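Engineer: One structure is given below, represented as structure tokens, and several questions about it will come after.
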Amino acid sequence: MLAPGGLLLVAFQVGEEILRVRDIDFRRLDPAVVTGLLAEAGFVPVAQGSREPRETEKVPQAWLLARAGQAVLG
């Protein structure tokens, strides 16, 4: 649970592909979709960023910082 005004930081790989490693699927995400889902859950966007892949990374990375607008159960 986050108290009203609590901060949530989410980091993820950007893309639409599903990466399968053994029996686990890793889903890459679209930052706009994640922002929309957080807003639907009562979060207010505070900051966001993305960057191109570095060194051994293969896809862009993104992060979103959002503030809970009301008590959010998790």
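Engineer: Run the quick spin-label model on residue 63 and residue 37: label points 7 Å from Cα toward the beta carbon, then report their separation in nm to one decimal.
Structural biologist: Result: 1.9 nm between the two label points.
Engineer: In percent, how large is the relative contact order of the chain, given Cα pairs closer than 8 Å and 6 or more residues apart?
Structural biologist: Here the relative contact order equals 46 percent.
Engineer: I've got another one for you. Given DSSP loops and a limit of at most 10 other Cβ atoms within 10 Å, what is the longest stretch of the chain that contains no such trypsin sites (Lys or Arg not before Pro)?
Structural biologist: Working: sites that count: 22, 54, 58.
Longest stretch, sites excluded: 23-53.
Engineer: Let me spell out the model: positive unit charges on the Cβ of Lys and Arg, negative unit charges on the Cβ of Asp and Glu, origin at the Cα centre of the chain. What dipole size does that give, in debye rounded to 20?
Structural biologist: With only Lys, Arg, Asp and Glu charged at Cβ, the dipole is about 160 debye.
Engineer: Can you give the angle from 0 to 90° between the axis of helix 31-40 and the longest principal axis of the chain, with both taken from C-alpha atoms, to the nearest 10?
Structural biologist: 30
Engineer: Considering all alpha-carbon pairs of the stretch 1-60, what whole percent are spaced by more than 20 angstrom?
Structural biologist: Tail of P(r) above 20 Å: 39 percent of Cα pairs.
A short reminder: the numbers here are calculations on the coordinates, not readings from a lab. None of these values were measured; they are calculated from a predicted model. Virtual Cβ from ideal backbone geometry, glycine too; neighbours counted across all protein chains shown.
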